[in-house]
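The values are calculated or read from the model by the stated rules, or taken from the named source; none is laboratory data. Bear in mind that the values here come from a model prediction, so they are computed numbers and not experimental data. Methodologically, a virtual Cβ is constructed for each residue, glycine included, from the backbone with ideal geometry; neighbour enumeration extends over all protein chains shown. Side chains are part of the model used for accessible areas, which takes the heavy atoms of the whole protein and leaves out ligands, DNA and RNA. Shrake-Rupley method; radii C 1.70, N 1.55, O 1.52, S 1.80 Å.
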Amino acid sequence: MNFNISVMKGDGIGPEIAREGIKILNTIGEKFNHKFNYIEVYVGGCAIDRFDTPLPEETIEKVLKTDALFFSSVGGPKWENLPHDKKPEAGLLGIRKTLGAFANLRPAKVFNELIDASTLKREIIRDIDIMVVRELTSGIYFGKPKGVFNLPNKDKIGINTLSYKKSEIERIVRLAFDIAKKRRKKVTSIDKANVLESSQLWRDTANEISKDYTDVELNHMYVDNAAMQLVRYPKQFDVIVAGNIFGDILSDEASMLTGSIGMLPSASVGGSVGMFEPIHGSAPDIVGKNIANPIAQIESAAMMLRYGLNRELEAQTIERAVESVLKQGYRTPDIMSAGEKQVNTQKMGDLVAKAIIEA
Ligand code: IPM
Ligand code: MG
């Protein structure tokens, strides 16, 4: 088949890992007889440098004509001092919002080969398999009013607003239940309903939706307790559904259970075009060294095949190839432990490509 993919290589380590992701897509193309046409687009710092805006019109137009957006990472010290709406991150939030990609799926799965790369004990993390479903286009990231304002007494006030419409809660919770149905049939809904009104609406809505899913268990957890439970006993979780900021925080925490944030991909779906990106950032401290872990980007290619292009077998082929390379003992520095074989970014990509061909 023919697929048109917009590619956003981004800032920092973005281009280095995007290159490996594309290498893997091309390998899948060869093996399964698909043709991927790549259309390069710019968001974030690289867009600011070229177009003087973090989200050029041209990017949106191009992305909307493609089947999926393969995205790397944005941001870095160079753009840190720009006003908020001109920062690279504004481009990332803008493209998510423009595409209407309201559901961000962030799997946190432990590779048993990497069990010792985690800072937690083996028995705590063995076999964990969590799917964080994060709401992505509303909540405190987008609520109004927002801004920094002068007060009459010369003081200042910074305001962000955490708001959710019932319809926004319904669609994300429903999606979480649909995912749980195909997994271990448990949804944990995250809120702070003991304090926040928007959370009370979130909880009440989740209860209502759950009536349509009698075979899926629903439990509620305050976000602070969830942060604690994730390190205390992570195996209790199957699907976690959370609003934008709670999901942002808990998904970073969940990623560390697996050993490295460099391993975890994400899919942003529900909008006109799906977007697939690592959950980590642009890692300015290791740029250009060829040591970044490309696995999150490679696994994002797998998520793109699964959720964006409907190619389950191809997705699994990538996931198995990654597993086999890890089984053979190859590691980038972030997941390195004694006795294993250290490889760089490019080599890791080559090894996964080879494993795909040999599969
Ligand atoms: C993420 C990131 C972004 C977010 C930042 C870079 C704007 O942390 O994708 O989790 O907060 O959504
Ligand atoms: Mg984050």
statement: The rounded separation in angstrom of the Cα centers of the stretch 147-219 and the stretch 247-307 is 23 Å
message: If each DSSP helix of 4+ residues adds -39,500 (n - 2.57) and the sum is divided by the residues in the chain, what number results at 222 nm, nearest 500 deg cm²/dmol?
response: -12500 deg cm²/dmol
task: Enter the accessible area per residue of the stretch 129-256 (Å², integer; probe 1.4 Å; all protein chains in place).
output: 49 Å²
field: the chain: Cα Rg divided by the 2.2 N^0.38 Å rule of thumb
entry: 0.98
field: Spatially proximal lysines relative to LYS341 (Cα-Cα < 16 Å; intrachain offsets below 8 disregarded)
entry: LYS327
statement: In units of 2.2 N^0.38 Å, the Cα radius of gyration of the stretch 129-256 is 1.15
query: Taking Cα centroids, how far is the stretch 17-47 from the stretch 321-350 in Å?
result: 21 Å
task: Can you send over the carbon and sulfur percentage of the accessible area for the stretch 129-256, probe radius 1.4 Å, protein chains only?
output: 54 percent
- request: On the protein heavy atoms, probe 1.4 angstrom, tell me the percent of accessible surface of the stretch 261-359 carried by carbon and sulfur.
  value: 48 percent
query: What percent do you get for the relative contact order of the chain when only Cα pairs under 8 Å and 6+ apart count?
result: 22 percent
message: I'd like the FRET efficiency for ASN194 and LEU313, computed as 1/(1 + (r/R0)^6) with the beta carbon distance as r and R0 of 51 Å, rounded to 0.05.
response: 0.65
For VAL132, distant residues with modelled amide H under 5 Å away: ARG106, ALA108, ILE240
- prompt: What percent do you get for the relative contact order of the stretch 129-256 when only Cα pairs under 8 Å and 6+ apart count?
  reply: 37 percent
Burial ranking of peptide ranges 9-21, 327-339, 155-167 (average Cβ count within 10 Å, highest at the top): 9-21, 327-339, 155-167
query: Straight-line reach from LYS31: which aspartates and glutamates have a Cα under 19 Å away, not including same-chain ones fewer than 8 places off?
result: GLU20, GLU299, GLU312, GLU314, GLU319, GLU323, ASP350, GLU358
task: Go through LYS23/LYS182; LYS9/LYS62; LYS87/LYS146; LYS185/LYS211 and tell me which ones have a Cα-Cα distance over 19 Å in this structure.
output: LYS23/LYS182
- prompt: So which helices of the chain fit the span-like rule, where a helix is a whole DSSP H run, its Cα atoms reach 24 Å or more along the axis, and its mean Kyte-Doolittle is at least -0.5?
  reply: 14-32
